[in-house]
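Since the structure comes first, as structure tokens, the remarks are kept for the end.
The values are calculated or read from the model by the stated rules, or taken from the named source; none is laboratory data. No experiment lies behind these values; they were computed from the predicted model shown. Glycine gets a Cβ as well: all are built from the backbone with ideal geometry, and neighbour counts include every protein chain shown.
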Amino acid sequence: MELSTAEILFGPKLSTRKAPAFVKKWTREKENWQRVLLSIKDAEQTPEIEEKRAELLALIQLVEGVL
């Protein structure tokens with residue numbers, strides 16, 4: 001059985017049930033990632049910063065897709 005990235009991150013069963021605690025936890029994580037994005041926006045744009053930005057955007061999209 002192959003799991004998608006979202007299933008690995010969120011859990012295959014938890015992401016389908018979407019219990020209130022699950023939604024609360026991942027909503028909070030998404031908000032934290034958005035805060036990090038805002039804080040690195042004004043930083044010097046190095047390859048590492050761009051890589052982290054892309055990683056955070058991908059994670060945010062995954063969360064939005066599951067929630």
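Check 65, 11 and return the single one that is at positive phi and not β-branched (Val, Ile, Thr).
After applying the criteria, what remains is 11.
Is it true that some residue in segment 11-34 is of a type in the set (Asp, Glu) and assigned to a loop (DSSP other than H, G, I, E, B)? Within segment 11-34, none of the residues are of a type in the set (Asp, Glu) and assigned to a loop (DSSP other than H, G, I, E, B). Checking each residue in segment 35-67 for being among the hydroxyl-bearing types (Ser, Thr, Tyr) and not in a helix (DSSP H, G or I) picks out only 46. Can you say whether residue 53 is in contact with a Leu (Cβ under 8 Å, 6 or more places away or on another chain) and among the basic types (Lys, Arg), as far as the supplied structure shows? Yes, satisfied. For the residues 7, 2, the requirement of being free of Cβ contacts under 8 Å to residues at least 24 places away in the same chain and part of a loop (DSSP other than H, G, I, E, B) singles out 2. Looking across segment 1-35, the residues that are in contact with a helix residue (DSSP H, G or I) (Cβ under 6 Å, 6 or more places away or on another chain) and not hydroxyl-bearing (Ser, Thr, Tyr) come down to 6, 10, 14, 22, 26, 30, 33.
Is at least one residue of segment 6-23 modelled with pLDDT of 95 or more and under 12 Å from the mean Cα position of the chain (by Cα)? The answer is no, given that none of the residues of segment 6-23 is modelled with pLDDT of 95 or more and under 12 Å from the mean Cα position of the chain (by Cα).
Residue pairs whose Cβ atoms lie under 7 Å apart, separated by 6 or more positions or on different chains, with the first residue in segment 11-25 and small (Gly, Ala, Ser) and the second assigned to a helix (DSSP H, G or I), are 15/6; 15/7; 15/66.
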